[in-house]
Amino acid sequence: MNSTVIIFPCALCPLSFPSQTELHNHIEILHYEAPGEIKYEDMMPSICSTSEQNPGGNLSFSTNHQPVEEDLHQYSDCGSGFTQEIDLKTLPQLLVGEKVGEKKCLECGKSFGHRNTLRQHLRIHTGEKPYQCSECGKSFNHHTNLQTHQRIHTGEKPYRCTECEKSFTHHSALQRHLLIHTGEKPYHCAECGKRFNRQANLKTHLRTHTGEKLHQCSQCGKSFSHKSALQTHQRIHTGEKPYHCSQCGKSFAQLGHLQQHQNHHSGEKPYNCLYCGKGFAQIGHLQKHQTVHTGEKPYRCSECGKSFTQPSTLQTHRRIHTGEKPYQCSQCGKSFTKRGTLKAHQRIHTGERPYQCSECEKSFTHLLSLQIHRRIHTGERPYHCLQCGKSFIRQTYLQIHQRIHTGERPYVCSQCGKSFNQLNTLKTHQRVHAQKNSDALET
């Protein structure tokens with residue numbers, strides 16, 4: 001009994017196959033060394049009449065067919081005169097796509113159901129990358145990776161978001177992007193329960209628990225858990241400030257610092273205090289302000305035990321003990337522990353008073369002095385005593401007041417040992433000794 005069989009001949013060897021899938025899989029394994037030479041247009045299906053199926057249930061395949069009409073892809077009747085007969089059962093087990101049992105990688109022990117999957121996996125261990133980009137020469141271990149890479153050169157972005165029409169070169173990139181619209185965060189931290197929309201973000205977050213810091217600065221040896229944090233840090237050494245303000249031209253090493261700076265131009269104060277609602281242009285100023293309400297001072301001086309709300313304030317305070325005064329006036333040579341104090345001092349020489357009150361037109365050399373002065377007009381008293389509820393316009397006034405409750409008297413007279421809770425009171429007291437000494441000299 002004759003039957004019509006569609007066969008697919010291999011253009012690289014004498015074998016033919018009953019399906020395009022089996023032909024493709026055969027080429028991937030037996031001819032994968034030279035994938036660039038494979039021409040799928042040479043592998044058109046052919047139709048031939050074969051003899052009866054043999055008793056074993058295997059089909060015979062010929063490699064000696066001639067096409068009759070190219071557009072019909074038909075071949076002349078070959079009858080039973082095959083030049084080569086191949087039993088499917090005798091074909092090599094390297095046929096990709098043909099299930100031949102579990103295949104195991106001898107390098108890492110990973111198992112695969114198909115030989116082609118194992119073959120592709122082995123390239124991870126061998127480092128083999130047979131697929132090369134004709135544009136830039138970069139090589140890949142899988143042809144699909146090459147196809148994706150080539151979109152960099154072509155600019156093709158076939159995966160488009162239906163929500164915002166943003167396009168992507170990778171399907172996986174589109175899937176990650178869609179999580180922004182859905183709000184889904186499938187990756188969660190087992191330590192603290194925090195959730196993330198990207199696995200990479202979770203991995204980075206986990207370093208906060210492990211303390212792992214993979215990225216080290218080659219200049220000073222300091223380590224960071226984030227690569228971006230290292231890159232930002234390195235600008236300290238290079239002096240690079242890539243973020244420029246379009247309003248005044250000032251440059252910044254970090255984008256966040258530029259954004260906060262721009263709030264000064266716009267007048268925007270997006271950071272609001274949870275306790276009193278006051279707005280701030282910079283988050284650091286908000287954090288500093290909130291310690292007024294909480295009373296928290298986590299940064300303690302190891303020399304004298306004094307505590308501070310900010311690490312920068314502690315660092316400046318330590319210069320009292322070390323005697324360091326890194327900021328020097330070019331006019332008179334006087335040195336200061338703070339940059340801001342130097343700037344304010346220089347206005348003595350220039351006579352500049354850039355901060356003017358809009359209510360009474362009084363001018364000040366310091367911005368802080370203007371801010372404190374404005375409270376006279378607004379009636380604002382932001383510093384509250386937790387003991388009795390009394391309020392003050394300046395933090396120093398609150399600190400002096402709190403000594404009434406604590407009994408602290410930090411100012412001690414060197415003449416008689418008497419102590420006082422205010423420096424002015426000590427100075428007044430010391431005049432008594434000065435007057436007594438003067439009277440004694442006169443007599």
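The values are calculated or read from the model by the stated rules, or taken from the named source; none is laboratory data. Keep in mind that what you see is a predicted model, and the values were worked out from it rather than measured. For neighbour counting, all protein chains shown are included, and Cβ atoms are generated from backbone atoms with ideal geometry for every residue, glycine included.
Numbers below:
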read-out: Selection count, the stretch 229-246, where residues are on the phi < 0 side of the Ramachandran plot and surrounded by fewer than 11 Cβ atoms within 10 Å (Cβ to Cβ); value: 2
read-out: Residues (acidic (Asp, Glu) and within 26 Å of residue 387 (Cα to Cα)) located in the stretch 291-328; value: 296
read-out: Test: residue in the stretch 173-183 that is part of a loop (DSSP other than H, G, I, E, B), of a type outside the set (A, V, I, L, M) and more than 30 Å from residue 116 (Cα to Cα); value: yes
read-out: Residues that are surrounded by fewer than 14 Cβ atoms within 10 Å (Cβ to Cβ) and touching a Leu at 6+ places or on another chain (Cβ under 8 Å), drawn from the stretch 111-122; value: none
read-out: Cross-chain or 6+ apart pairs with Cβ under 7 Å, the stretch 267-281 first and over 21 Å from residue 294 (Cα atoms), then of a type in the set (Phe, Trp, Tyr) and not in a loop (DSSP other than H, G, I, E, B); value: 269/280
read-out: Unique match (being free of Cβ contacts under 8 Å to residues at least 24 places away in the same chain and loosely packed, with under 11 Cβ neighbours inside 10 Å) among 249, 256; value: 249
read-out: Failed criterion for residue 113 (all others in (1) touching a helix residue (DSSP H, G or I) at 6+ places or on another chain (Cβ under 9 Å); (2) over 30 Å from residue 229 (Cα atoms); (3) modelled with pLDDT under 85 hold); value: (1)
read-out: Extreme residue, farthest from the chain's Cα centre (by Cα), among residues of the stretch 123-144 that are hydrophobic (A, V, I, L, M, F, W, C) and surrounded by 14 or more Cβ atoms within 10 Å (Cβ to Cβ); value: 133
read-out: Which numbered condition residue 386 misses (of (1) farther than 30 Å from residue 275 by Cα; (2) outside any helix (DSSP H, G or I); (3) at pLDDT 90 or above; (4) not small (Gly, Ala, Ser)); value: (1)
read-out: Selected residue (criterion: nearest to residue 21 (Cα to Cα)) from residues of the stretch 107-137 that are part of a helix (DSSP H, G or I) and touching a residue at least 40 places away in the same chain (Cβ under 8 Å); value: 116
read-out: Residue check, residue 366 in contact with a Phe, Trp or Tyr (Cβ under 8 Å, 6 or more places away or on another chain) and at pLDDT below 90; value: yes
read-out: Selection status of residue 211, farther than 30 Å from residue 380 by Cα, of a type outside the set (A, V, I, L, M) and modelled with pLDDT under 85; value: yes
read-out: Any chance residue 162 is closer than 30 Å to residue 182 by Cβ and surrounded by fewer than 11 Cβ atoms within 10 Å (Cβ to Cβ); value: yes
read-out: Residues (in a loop (DSSP other than H, G, I, E, B) and either charged (D, E, K, R) or in contact (Cβ under 8 Å) with a residue 40 or more places away in the chain (or both)) located in the stretch 138-166; value: 138, 156, 157, 163, 165, 166
read-out: Count of the stretch 331-348 residues which are touching a strand residue (DSSP E or B) at 6+ places or on another chain (Cβ under 6 Å), surrounded by 14 or more Cβ atoms within 10 Å (Cβ to Cβ) and in a helix (DSSP H, G or I); value: 1
read-out: Single match in 396, 428 (criterion: assigned to a helix (DSSP H, G or I), surrounded by fewer than 14 Cβ atoms within 10 Å (Cβ to Cβ) and modelled with pLDDT of 90 or more); value: 428
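Table: residues versus (1) among the aliphatic types (A, V, I, L, M); (2) part of a helix (DSSP H, G or I).
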| residue | (1), (2) |
| --- | --- |
| 229 | yes, yes |
| 232 | no, yes |
| 247 | no, no |
| 258 | yes, yes |
| 264 | no, yes |
| 285 | no, yes |
| 288 | no, yes |
| 292 | yes, yes |
